[in-house]
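Beneath this line is the structure, given in structure tokens, with notes to follow.
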Amino acid sequence: MTLEESDRTFLEFLARDAPSAEFEEPLIAARALGASAETVADLERSKLLALRVRAALDRSRRREAELSALYETVGDLVALRDVDAVLEAIVRRARKLLDTDTAYLALYDPERGHAYMRETNGSVSAKFQQLLMPLGAGLGGLVVQTASPYFSSNYLGDARFRHTREIDEAVTEEGLVAILCVPLRLRGTVIGVLYAADRSERRFARDEVNLLSSLAAHAAVALDNARLLQETQTALEELNTANRRVEARSASVERAAAAYERFTDLAVRGGGVDDIAHAIAAVLGGSVVVLGPDARPLSRIGATPLADDFPDERTLADAVARSHAEGRSVTCGACTVAAVAADQQPLGALLISGAGALDATDRMILERGVLVTALLLLFRSSLAQAEERVRGELLADLLTQRQGDSFAVRERARRLGTDLDELHVVAVAVCAAIPAARIASAAGAWASARGGLAGRHEGRTVLLVPGDDPSAVAHEVAAELRTALARPVTVGAGGPLSGTDAPEAYAEALGCLSALQALGRSGSAAAMTDLGFLGLVLGRHADTCGFVNRVLGPLITYDKRRGTSLLHTVESYFEHGQSLARTSAAMHVHVNTVTQRLERVGHVLGEEWSTPQRALETQLALQLRRVLADRPEHPLSTRTS
């Protein structure tokens, strides 16, 4: 083979990137053909030159691959969207470029004083992937401390760094032998370590160290960019959140200001309870119920709450008390309840339903509405009290006839909407379980609406209302007060009267009331016409004391003088149907004793006292005496048993 032919052969080897072993074939063939030593030497020089060219080409290709990998990494950083994907690409490229069995990246946590695995490629051990490396321990700890790259051809046998059992066990489980690690530096501070490792002994060249260092620098930039991007995104989110809060707050302030202006206008114009309820419902939505101090609705705006949504009386009372104690609105089932008070005096409550959950601004608006409602209710209460006082004073003057000038009294009544020239009825109402002031307040509202008067007189509630039927008025008053007070009320009525002649009708109503109480009919209503014989006797022109004294006087005198109980025996005798046996059993005496006492009654009152006609008079006198016994102005008020 000539020299030209051998050179052409080596060029062909280079062209097809033949293995190194093929470059020996021309020399072997020349020796086999017995070529001269000079020819063999020329072939050797050509071979060595070709191998140097081949090595240069390998280095060039490798450098090209490294530059391409770095270029791709830079491209990833420029288009950074996911730091995890970038770090995974760096670790993967480090493993590929250095042709190692595995590559991994660990980050240093200065607060905890150790490094932790952030990304791995080619690892098979779960323990190794979760490894924590204290500062100064292992080859990576040495890199963090010195901020310089290091490699070990035989990690477990290398004594240049401090070994720990945890790290050595993880390295053994992963099967690693040769390890190269370089620092991730960011503004002069080591933030982590990038590793490339083989499961067999290996010495890493300077170019490999430089290449891994370049990748580590890109990894540090990726982490820093990710941090800056995250901080920027967080700042933007916080700014957007703050902006939304400012906008929401601004809208809330504007909404609250509009509501306050509307409420204030109502207060200035002297609006009523319906007006404030309309305003609150318009601002907050849903239905609004304004309750008075007795929990009765004063105004209702919007749809009526469903029975399941509306709280029962006790639950509502508890919610109003809790709202009053806490000074804010409270949730009560599907409703919101806000107590209305002025100077700790309960005036009522606002109840909202169907508006959904109220936010902070809604509750602020509601509480401002509560203040305006309190002002309106207080004003309304003051007006009602003033009117009640004026009406009560006029009623007292009519009942006592302190005003002699009939024209002046009529004029006062006319200004209050009461025409004294019409027929009127006087009614007296009492209830032991209800304060008189509360009864008078409820009666005043009802009487005023009907052009009448109401007030307290001699500790009782007295009404003067238009009408010509005392019985009908008594029952109407009793029904109205029972509804308003949730308690039965005893009502007696007298009249009708005209002009200013009220004392007689008042006396008649008072007598009727006393009769109802004495007869055990508390909680009912009646006029004299409802009391039968008692009404005839207790009427305005009846001499009741004379009648009682005429029928029972001798027997009363007999008992007083002798200390006997004949009158009590007669009462028991009639109460038990004129039966001697039942009377003796009720009085716990023998039948003969009852018989003897009744014979003595016959001697005192006359033998005809038990005849049907006299028996009726006797029983009527007994009932009248029982009724009149409670009247201190009557001589029969002291009863002898």
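The values are calculated or read from the model by the stated rules, or taken from the named source; none is laboratory data. No experiment lies behind these values; they were computed from the predicted model shown. Quick reminder, even Gly has a Cβ in these numbers, built from the backbone with ideal geometry, and neighbours come from all protein chains shown.
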(message) I need a count of the residues in the range 575-595 that are of a type in the set (Gly, Ala, Ser) and in contact with a Ser or Thr (Cβ under 8 Å, 6 or more places away or on another chain).
(response) 2
(message) Being touching a strand residue (DSSP E or B) at 6+ places or on another chain (Cβ under 9 Å), outside any loop (DSSP other than H, G, I, E, B) and of a type in the set (Asp, Glu) is the filter here; which residues of the range 149-187 pass it?
(response) GLU166, GLU174
(request) Would you please name the residue that is nearest to VAL144 (Cα to Cα), looking only at residues in the range 95-114 that are crowded, with 21+ Cβ neighbours inside 10 Å and among the small types (Gly, Ala, Ser)? (result) ALA106
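Picking from LEU236, LEU215, LEU228, which residue would you name as being of a type in the set (A, V, I, L, M), at pLDDT below 90, part of a helix (DSSP H, G or I) and surrounded by 20 or more Cβ atoms within 10 Å (Cβ to Cβ)?
Matching residue, one of LEU236, LEU215, LEU228: LEU215.
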(message) Of all residues being at pLDDT below 90 and of a type in the set (Ser, Thr, Tyr) in the range 477-498, which is nearest to GLY511 (Cα to Cα)? Just the residue, please.
(response) SER498
(request) Could you tell me which of the residues SER123, SER153 is over 17 Å from SER213 (Cα atoms), among the hydroxyl-bearing types (Ser, Thr, Tyr) and either in contact with a Ser or Thr (Cβ under 6 Å, 6 or more places away or on another chain) or not assigned by TED's automatic domain parsing to the domain that holds TYR195 (or both)? (result) SER123
(message) in a loop (DSSP other than H, G, I, E, B) and out of contact with any Cys (no Cβ under 8 Å at 6 or more places or on another chain): which single residue out of VAL190, VAL144, VAL124 fits that description?
(response) VAL124
(request) Could you tell me whether VAL273 is buried (at least 16 other Cβ atoms within 10 Å of the Cβ), β-branched (Val, Ile, Thr) and at pLDDT below 75? (result) yes
(request) Examine the range 156-169 for a residue that is under 17 Å from TYR116 (Cβ atoms) and surrounded by 21 or more Cβ atoms within 10 Å (Cβ to Cβ), and state whether such a residue exists. (result) yes
(request) Would you please list the contacts, defined by Cβ atoms under 8 Å and residues six or more apart or on different chains, that run from a residue in the range 539-553 that is of a type in the set (Asp, Glu) to a residue that is buried (at least 17 other Cβ atoms within 10 Å of the Cβ) and at pLDDT 70 or above? (result) none
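Give LEU211, LEU215 a once-over and let me know the one that is more than 41 Å from the chain's Cα centre (by Cα), in contact (Cβ under 8 Å) with a residue 24 or more places away in the chain, assigned by TED's automatic domain parsing to the domain that holds ARG112 and farther than 19 Å from LEU107 by Cα.
Details: LEU215 fails: farther than 19 Å from LEU107 by Cα.
Among LEU211, LEU215, only LEU211 is more than 41 Å from the chain's Cα centre (by Cα), in contact (Cβ under 8 Å) with a residue 24 or more places away in the chain, assigned by TED's automatic domain parsing to the domain that holds ARG112 and farther than 19 Å from LEU107 by Cα.
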